[in-house]
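A short write-up of the structure that comes next.
The values are calculated or read from the model by the stated rules, or taken from the named source; none is laboratory data. Quantities reported herein were computed from a predicted structural model and do not represent experimental measurements. Backbone-built Cβ (ideal geometry, glycine too); neighbour counts: all protein chains shown.
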Amino acid sequence: MQKKPRFRPTVIVFSALVYAVAVLGGMTSARAEDRSRVLASLEAPEAALETVTVDYKQIDREKVLEAFFEDLGSPLKPNVKKFIEVADKYGLDYRLLPAISCMESTCGKRIIPGSYNPFGWGIHSNSYISFESFDEAIETVGKGLAEKYASKGYDTPEEIAPIYTPPNHVNWLKGVNFFYSEMETLEGQI
């Protein structure tokens with residue numbers, strides 16, 4: 001399921017509404033010609049509609065993540081579909097979990113052996129959380145981000161950083177944003 005664009009491809013403008021706002025706002029000095037055009041549109045509303053089409057590019061998120069992880073030599077490349085599935089399931093930006101994994105564990109290359117935890121999730125001092133697989137880690141952390149962060153309105157790296165990694169959130173944020181920008185570059189190329 002592709003992420004819905006933040007704008008509608010078709011925008012409809014109704015001239016009579018614009019005229020009513022202008023009159024109510026004290027802007028009554030419109031020319032008689034303009035008034036008669038607007039009044040005529042009240043009699044034939046279909047004539048007052050203007051349709052504008054805005055094109056947008058659909059992003060092949062799977063190809064973007066495959067290229068991203070390939071370029072970085074990440075062991076997470078086989079898990080691309082899971083990253084997208086979890087992002088869609090929990091309403092997260094598809095780039096968030098990959099960017100966090102790259103910041104926390106060099107894209108899954110530097111993890112506690114056998115932990116399958118590329119996110120640094122639950123790693124404190126001498127304790128850590130292990131998962132049975134990268135897929136389980138992606139699912140668990142995606143759900144955790146949705147419940148503990150996004151549900152409270154924290155859904156961008158800027159909002160998440162101070163909570164996710166309080167001792168060094170500024171550097172963490174810079175790193176996560178760097179990986180976001182790398183994926184955005186690939187979006188424009190693929």
So for the range 64-78 (the condition being under 23 Å from P167 (Cα atoms), of a type in the set (A, V, I, L, M) and surrounded by fewer than 22 Cβ atoms within 10 Å (Cβ to Cβ)), does at least one residue qualify? no
Consider I123 carefully, then state whether it is out of contact with any strand residue (DSSP E or B) (no Cβ under 9 Å at 6 or more places or on another chain), assigned by TED's automatic domain parsing to the domain that holds E70, at pLDDT below 95 and hydrophobic (A, V, I, L, M, F, W, C). yes
Across the range 76-102, what is the number of residues that are assigned to a helix (DSSP H, G or I) and under 18 Å from the mean Cα position of the chain (by Cα)? 18
Of (1) in contact with a helix residue (DSSP H, G or I) (Cβ under 8 Å, 6 or more places away or on another chain); (2) surrounded by fewer than 19 Cβ atoms within 10 Å (Cβ to Cβ), D88 satisfies every one except (1)
It is to be established whether one or more residues within the range 95-102 are more than 20 Å from W172 (Cβ to Cβ), surrounded by 17 or more Cβ atoms within 10 Å (Cβ to Cβ) and modelled with pLDDT of 95 or more. no
Only unsatisfied item for R110, checking (1) surrounded by 17 or more Cβ atoms within 10 Å (Cβ to Cβ); (2) basic (K, R); (3) over 14 Å from the mean Cα position of the chain (by Cα), is (1)
Given the criterion more than 26 Å from S127 (Cα to Cα) and either out of contact with any Asp or Glu (no Cβ under 9 Å at 6 or more places or on another chain) or of a type outside the set (F, W, Y) (or both), identify the matching residue among E104, E70. E70
Residue hits (the range 112-133; part of a loop (DSSP other than H, G, I, E, B) and under 20 Å from P166 (Cα atoms)) are N117, P118, F119, G120, W121, G122, I123, S125, N126, Y128, I129
